[in-house]
Amino acid sequence: MRTLILAEHDNGALNDLTLNAVTCAGLLGTVDILVAGSDCKAVATDAACAMGVQTVLWADDARLVHGLAEDLAALLVSLSQDYDVFLAVASSFGKNAMPRVAALLDIQQISDICEVVDANTFKRPIYAGNALQTVRSGETKKVITVRASAFAPTSPSGGSATVKTVSMIDTPKLSTFVSAHLTASDRPDLRSAPVIVSGGRGLGSLENFALLERLADVLGAGIGASRAAVDAGFAPNDYQIGQSGKVVAPDLYIAVGISGAIQHLAGMKDSRIIVAINTDPDAPIFKVADYGLVADLFDVLPKLAEVLEQ
Amino acid sequence: MKILVAVKRVVDYNVKIRIRADGSGVDTAGVKMSMNPFDEIAVEQAVRFKEAGLASEIVIVSIGPVKAQDTLRTALAMGADRGLHVETDVDLEPLGVAKILAELARRETPGLVFLGKQAIDDDANQTGQMVAALLGWGQGMFASKLELSDESVEVECEIDGGLQTLKLPLPCVVSADLRLNEPRYATLPNIMKAKSKPLETLALSAFDFDVSPRLEILTTVEPTPRACGKILASVEDLVEKLKTEAKVI
């Protein structure tokens with residue numbers, strides 16, 4: 001089978017998670033990548049260096065600068081004849097564009113797969129990860145989004161794919177980009193960070209939420225949040241980990257003042273080691289934690305940072 | 001302007017699901033069912049638009065068994081005007097649902113098709129995007145803020161890096177994310193009033209296209225549970241364990 005991956009990028013560099021998608025697609029056969037953007041030659045070069053990629057289709061057009069779903073879907077469909085599988089990471093970018101591709105091609109998309117059983121059979125979580133479904137597709141073509149944390153990334157170097165230019169097609173303008181407010185941060189991207197420190201309602205305020213920073217600094221960690229903390233305004237929306245936010249699986253996940261609603265557990269319970277810090281010994285977070293401290297987070301946080309700094 | 005809102009009846013978000021031991025699926029018999037929370041946010045927003053004079057009529061659609069009418073009545077009690085129930089006992093997939101919604105949108109000609117970004121049962125996050133594709137309309141997904149005018153809507157979308165604002169000419173499709181609003185509780189008088197609001201039932205056979213499922217569900221099982229963890233006595237203990245036992249720092 002021949003797979004075309006829709007690359008995620010910011011026109012300057014390939015997003016790391018696309019490397020996880022390459023590993024997944026490699027289980028199905030030949031892997032090509034579509035890099036669609038504007039002034040994005042560097043991204044096409046990145047993609048060509050990724051191990052396991054055969055051909056990079058590079059569409060460079062001013063209309064593609066913001067990666068709008070309507071344009072990307074039209075472009076993917078124009079390239080669909082040569083491919084059996086269309087695949088993207090189940091990030092907000094992939095979730096936005098791929099179902100549109102699926103509907104245009106009259107295919108039932110398979111969302112958020114976490115395992116490839118065979119070329120037609122996949123596992124995917126449902127009910128906030130409380131059940132795992134195995135589905136088989138009998139369709140000749142497939143549209144798939146991939147849970148990136150379930151697949152190891154391929155090497156970003158060592159590949160030597162051919163870069164082939166493709167043209168953007170004419171398509172009606174159905175939406176216009178107005179503005180973006182991206183959260184500026186020097187910390188690692190939550191979706192690929194090896195360590196995450198995550199805060200919940202227990203932190204109590206925006207000012208207190210900043211207490212996580214010292215610990216995150218020592219560990220070189222990304223900072224996440226529960227829905228409760230985001231809803232309360234302690235942290236921006238892109239910090240949210242859970243069923244409706246980001247799904248992460250770092251080596252170490254430290255949950256601070258998070259009770260552990262199933263919607264939150266859905267986003268982090270595949271982490272390798274989970275540490276929970278909470279005053280309530282009955283908090284559900286302790287059921288998934290490898291190590292728990294039943295203690296006041298305001299005592300633990302400075303102490304933990306101090307011990308680790310030594 | 002008319003707004004068409006699609007709602008799904010799902011297992012209530014507070015219920016811990018039971019998976020049948022034979023792997024045949026999730027047991028929903030006798031389980032509390034509710035409107036999908038994301039759809040509820042879409043209903044609330046449509047009602048707010050009507051209250052602000054920006055919408056003239058709110059039509060609610062639900063596709064499912066007879067019981068889906070309860071969900072439609074809930075939306076009517078929140079302030080929607082009219083319900084459409086497409087009756088089927090088949091568990092339709094997002095593509096089938098999208099085809100029905102697109103057809104209803106062609107018949108009803110709303111300015112906006114509105115729904116939740118995902119259903120909390122299958123977590124597919126596909127239907128809105130698919131409806132937009134089938135209609136050839138623009139899409140504003142994962143909305144956390146909306147500004148509606150007569151000709152267009154500005155949608156602030158929650159994306160992985162932060163927020164992105166798009167402007168879409170009407171008609172278009174918008175899906176609601178969590179922080180768009182906090183849905184109201186229907187009051188008793190409004191629940192009573194909702195009982196007399198129009199609710200039309202359509203048979204699935206009234207649609208002349210095939211919506212039968214494309215995917216075969218082989219098994220549904222419980223994920224492997226995590227091993228029981230340890231409660232530790234001190235921060236020093238924790239650091240020690242992370243270093244020597246877990247070897248993560």
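Averaging the Cα positions of each part gives two centres, and for the range A:236-260 and the range A:6-72 these lie 27 Å apart. Judged by the ratio a/c of the largest to the smallest principal axis of the C-alpha gyration tensor, the range A:64-184 counts as rounded, that ratio being less than 1.5.
Return one number: the angle in degrees, 0 to 90 and rounded to the nearest 10, between the long axis of the Cα atoms of helix B:68-78 and the longest principal axis of the Cα atoms of chain B. For helix B:68-78, the angle is close to 80 degrees. The range B:193-230 to the range A:142-193: how many Å between their Cα centroids? The range B:193-230 and the range A:142-193 have Cα centres spaced 30 Å from each other.
Is the protein assembly as shown rounded, prolate or oblate when judged by the Cα gyration tensor, a ≥ b ≥ c being the square roots of its eigenvalues, rounded requiring a/c under 1.5 and prolate requiring a/b larger than b/c? The shape class here is oblate. Taking a point 7 Å out from the Cα of A:Asp299 in the direction of its Cβ, the residues of the range A:165-203 whose backbone N falls within less than 17 Å of it are A:203. Axis angle, to the nearest 10 degrees, between helix B:37-51 and the longest C-alpha principal axis of chain B: 40 degrees. Between the exposed loop cleavage positions of chain B, defined as chymotrypsin sites (Phe, Trp or Tyr not before Pro) in a non-H, G, I, E, B DSSP state with at most 11 neighbouring beta-carbon atoms within 10 angstrom, the longest gap is B:1-184. Remark on A:Val117: its backbone amide H falls under 5 Å from those of A:Phe122, A:Lys123, a criterion applied only to residues 5 or more positions apart or on other chains, H modelled at 1.01 Å from N. In this simple spin-label approximation, B:Asp27 and A:Asn120 carry label points 7 Å from Cα along the Cα→Cβ vector, and these lie 3.2 nm apart.
Looking at the square roots a ≥ b ≥ c of the eigenvalues of the Cα gyration tensor of the range A:195-309, which shape do they give, rounded for a/c under 1.5, prolate if a/b is larger than b/c, or oblate?
Since a/c stays below 1.5, the shape of the range A:195-309 is classed as rounded.
Taking every DSSP bridge with both residues inside the protein assembly as shown, close to 35 percent are antiparallel.
Inter-part distance, the range B:82-153 to the range B:29-49, computed on C-alpha centroids, equals 14 Å.
Estimated from the Cβ-Cβ distance and a Förster radius of 22 angstrom, the FRET efficiency linking B:Glu51 and B:Lys195 is about 0.55. The 3J(HN,Hα) values that the Karplus relation (6.51, -1.76, 1.60; θ = phi - 60°) gives for the range A:54-68 are, in residue order, 8, 9, 9, 8, 10, 10, 10, 7, 4, 5, 9, 4, 9, x, 6 Hz. Gly and Pro appear as x. Distant-in-sequence amide contacts of A:Val56, defined by a placed amide H-H separation under 5 Å and a gap of 5 or more residues or a different chain, comprise A:Ile33, A:Thr162, A:Val163, A:Lys164.
The 3J(HN,Hα) values that the Karplus relation (6.51, -1.76, 1.60; θ = phi - 60°) gives for the range B:14-24 are, in residue order, 8, 7, 7, 6, 10, 9, 4, 4, 7, x, 7 Hz. Gly and Pro appear as x.
The Rg/Rh ratio for the range B:2-245 is 1.05, where Rg is the radius of gyration of the alpha carbons and Rh is the Kirkwood radius. Residue exposure proxy: A:Met268, A:Met51, ordered by other Cβ atoms within 10 angstrom of their Cβ from fewest to most, comes out as A:Met51, A:Met268. Exposed loop sites here are trypsin sites (Lys or Arg not before Pro) assigned a DSSP state other than H, G, I, E or B and surrounded by at most 14 other beta carbons within 10 Å; excluding them, the longest clear run of chain B is B:68-194.
Starting from the Kirkwood radius over alpha-carbon pairs of the range B:157-227, derive D by Stokes-Einstein at 25 °C in a medium of 0.890 mPa s and give it in µm² s⁻¹.
Values: Rh = 19.1 Å.
Stokes-Einstein gives a translational diffusion coefficient of 128 µm²/s.
When each of A:Leu219, B:Leu112, A:Leu297 is scored by the number of other beta-carbon atoms lying within 10 Å, the sequence from fewest to most is A:Leu219, A:Leu297, B:Leu112.
Read-outs: derived from the displayed coordinates by stated rules, not from any lab. Bear in mind that the values here come from a model prediction, so they are computed numbers and not experimental data. So basically every Cβ, Gly included, is an ideal-geometry build from the backbone, and we count neighbours across all protein chains shown.
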